[in-house]
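Worksheet: the structure to be examined is printed underneath.
Every number in this text was worked out from the coordinates using simple rules, so none of it is lab data. The shown structure was predicted, so the numbers you read here are calculated from the model rather than taken from an experiment. Note that we place each Cβ from the backbone using ideal geometry, even for glycine, and neighbour counts take in every protein chain shown.
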Amino acid sequence: MPTPSVSTVATAIATHPRVFHRAVHTDFASRCPQALTLNKQPAAHEELVLAVVWALRTTVADTGEDNPTTIGEFTQAVISQLGTEHRRSDTDPAHYPLFARSLAAGVDAACRAALLPPNSAAQQAATSLLNQCCQTMAAAAHQADMAGYPAYTGGTVVEVDKRCRRFHVIRVQADAPVKHPAGGALAVCGELDPGVWRTLCPAFPANEYGQLEFHIPIPDIPGADAFITTPKVGDRWRIAAPYEPINVTLDSDLLLISAGAGIAPLRAITADVMMQATPPRIHFFVGADYPGELYDLLSLWHTAATSPLLSVVPVVKHDTDTWWVRPSEHSQPPRGLHVTRVGDVGQVAASFGTWEDRNIIVAGAPAEVDAIVSALTAGGTPVDKIQRLELDNRLPTARPL
């Protein structure tokens with residue numbers, strides 16, 4: 001067997017994620033039972049493994065060493081940011097030394113499962129690197145605390161607007177202004193469900209009054225997340241960790257294409273662009289399955305009515321609503337708006353041309369974004385003109401094509 005390296009250890013963890021996580025969780029629960037809420041989020045099981053493997057492999061790539069002794073600058077910067085963000089779950093910096101020992105237990109369990117030599121130099125190096133990551137996170141959290149940087153901002157749900165069966169609009173009044181980039185996202189959780197964070201995109205830019213609006217797709221599955229399906233006026237939320245997954249440039253006109261709740265970040269971008277001194281033209285294709293699921297059409301029409309630079313084209317896959325859609329007046333196309341087109345929103349947009357003179361942003365669920373981008377590129381749209389904003393329940397991500 002070749003001599004193991006830190007990369008070998010990272011592969012062992014990636015190959016045996018359940019073994020690793022079980023060992024970490026069991027050890028940490030015994031050392032710090034009061035911090036169990038930190039591991040409550042189901043996605044954290046997968047994300048812990050991904051984060052550990054990423055840190056080890058990135059350090060190896062940055063240093064060019066098989067068994068590096070210190071984490072690289074890039075890894076350190078990312079880990080520091082995580083340390084600052086994790087305060088939102090009331091993480092105590094004193095927990096990190098304990099968690100470092102638990103990570104060591106996880107590394108040992110994964111190495112044993114992969115039949116690697118016990119307590120090898122590679123295992124010791126990997127354990128040391130992860131200990132450094134914990135020290136970095138603790139230092140960053142302490143520094144943010146000393147600087148008075150808030151871990152999160154509280155907010156109260158002030159309105160729940162059920163626009164149709166599958167899409168609700170939630171308005172939140174934050175206790176203080178919340179900075180976030182137009183087109184970006186915020187991590188949110190309910191105070192009755194600490195440690196379980198979801199990521200939602202505000203539908204308009206940050207403002208001095210702390211007003212926020214989120215568009216929430218309601219899953220068609222039994223037992224779906226109650227935070228998503230049954231928010232109530234008066235609920236208290238925590239709001240933290242702004243993300244900026246895309247870069248909006250105004251050097252040319254914009255083409256925006258949304259599917260489902262993808263309308264929220266694109267509406268925020270539209271409002272932000274319209275406030276610039278010399279805004280570009282915006283062509284906005286709004287896609288939905290049914291006419292009644294064009295749940296924010298009225299808001300867009302009001303914006304378009306005040307700006308000749310904004311053109312809105314509604315697109316639906318079916319020309320009539322099925323019985324369960326339960327539409328509201330917000331989906332009714334008013335006079336003066338483009339006639340609603342029937343078809344796939346990507347194909348309808350592609351039928352207008354290649355859009356090679358536009359900066360293009362596509363937003364929606366990952367599968368919806370894939371379909372739209374495929375239709376555009378098949379129609380001749382240059383791939384380097386397209387940015388993808390993929391929404392899921394954790395983080396909107398922008399990934400290269």
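Figures for the structure shown
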| read-out | value |
| --- | --- |
| Computed FRET value (nearest 0.05) for Thr230 with Ala121, which takes r as the C-beta separation and R₀ as 51 Å | 0.45 |
| The stretch 371-379 - phi-based ³J(HN,Hα) in whole Hz, Karplus 6.51/-1.76/1.60, Gly and Pro as x | 5, 5, 5, 4, 5, 5, 5, 5, x |
| Volume per residue of the C-alpha convex hull in the chain, rounded to whole Å³ | 166 |
| Crossing angle, helix 263-274 versus the chain [Cα axis fit, 0-90 degrees, rounded to tens] | 70 |
| Theoretical gain in end-to-end length, Asp251 to Thr278 [0.36 nm per residue, Cα-Cα removed] | 8.7 nm |
| Highest average packing first - 341-347, 237-243, 114-120, Cβ atoms within 10 Å | 237-243, 341-347, 114-120 |
| By average C-beta atoms within 10 angstrom, highest first, the peptides 264-270, 22-28 | 264-270, 22-28 |
| Residues of type aspartates and glutamates that Lys317 reaches as a straight line, Cα spacing below 15 Å, ignoring anything fewer than 8 places off in the same chain | Asp289, Glu293, Asp344, Glu368 |
| Label-to-label distance, nm, for residues given as Thr70 and Asp90 (7 Å Cα→Cβ offset) | 3.7 |
| FRET efficiency, His142 to Ser311 (Cβ-Cβ, R0 45 Å, nearest 0.05) | 0.35 |
| Inter-label distance, nm, simple model (7 Å from Cα along the C-beta direction), Val158/Ala51 | 3.3 |
| Mean projection area, nm², convex hull over Cα of the stretch 6-147 | 7.7 |
| 0 to 90° range, to nearest 10: angle between helix 121-147 axis and the chain longest Cα axis | 60 |
| Convex hull volume of the stretch 104-244 per residue (C-alpha atoms, cubic angstrom) | 163 |
| Label-point separation, Glu191 to Ala367 (7 Å along Cα→Cβ), nm | 3.8 |
| Using alpha-carbon coordinates, inclination of helix 6-15 to the longest axis of the chain, degrees | 60 |
| Euclidean distance of C-alpha centroids, the stretch 226-295 and the stretch 13-31, integer Å | 38 |
| Global geometry of the stretch 254-390, whether rounded, prolate or oblate, following the gyration tensor of its Cα atoms and the 1.5 cut on a/c | oblate |
| Stokes-Einstein diffusion coefficient of the stretch 347-395, Kirkwood radius over Cα pairs, 4 °C, 1.567 mPa s, in µm²/s | 118 |
| Neighbour-count order for Tyr295, Tyr290, fewest beta carbons within 10 angstrom listed first | Tyr290, Tyr295 |
